[in-house]
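**Q** To start, I am sharing the structure in question, which I have written as structure tokens.
The values are calculated or read from the model by the stated rules, or taken from the named source; none is laboratory data. Predicted, not measured: the structure shown is a model, and the values here were computed from it. Here the Cβ is made from the backbone with ideal geometry for all residues, glycine too, and neighbour counts use every protein chain on show.
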Amino acid sequence: MPEFHYVSSVKGHLVTRFPSLRSSVAQFIGATRKGKTIVWDTTEVVAISDKEWQTYRREYRRCLADKSIVERTKEDFEAYVKEKTERETKALEAAKADADAKAAEEAKANEQPTSEGSPQPAEGTSQPKGKRATR
């Protein structure tokens, strides 16, 4: 008996993870709700534990029979996880590079050039601190 069963969604069929029925937030297999819109990701491979599969076997078997979900393999799951990890790593690296570029741009913009128009008094003309200069 496998430790996990692997499934993917079928576009147009919204399947709730059955344990999530007890939760206030529904979790869907291969789909997310964005406002009133449902977005399917039929490439997502979901691992369902054997315990969950046995507890809700009628429901999952019915979903397989009416083709609301399709069975996948462990290899499909591992390939999906690898691809997703690579995609997230690339996105993270791109975001870091963008943040570094913005930080460098801000640092360059915040640099104050020391030029001839410096507010420092000329040598030998400094005023005593806290007192006004008199003529």
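**Q** Please enumerate the residues belonging to segment 60-72 that are more than 19 Å from Trp40 (Cβ to Cβ) and surrounded by 11 or more Cβ atoms within 10 Å (Cβ to Cβ).
**A** Arg61, Arg62
**Q** Tell me which residues, restricted to segment 42-83, are part of a loop (DSSP other than H, G, I, E, B) and touching a strand residue (DSSP E or B) at 6+ places or on another chain (Cβ under 7 Å).
**A** Correct list: Thr42, Glu44, Val45, Thr73.
**Q** From the list Phe4, Phe18, which residue is touching a helix residue (DSSP H, G or I) at 6+ places or on another chain (Cβ under 8 Å), at pLDDT below 90 and surrounded by 10 or more Cβ atoms within 10 Å (Cβ to Cβ)?
**A** From the options Phe4, Phe18, the qualifying one is Phe18.
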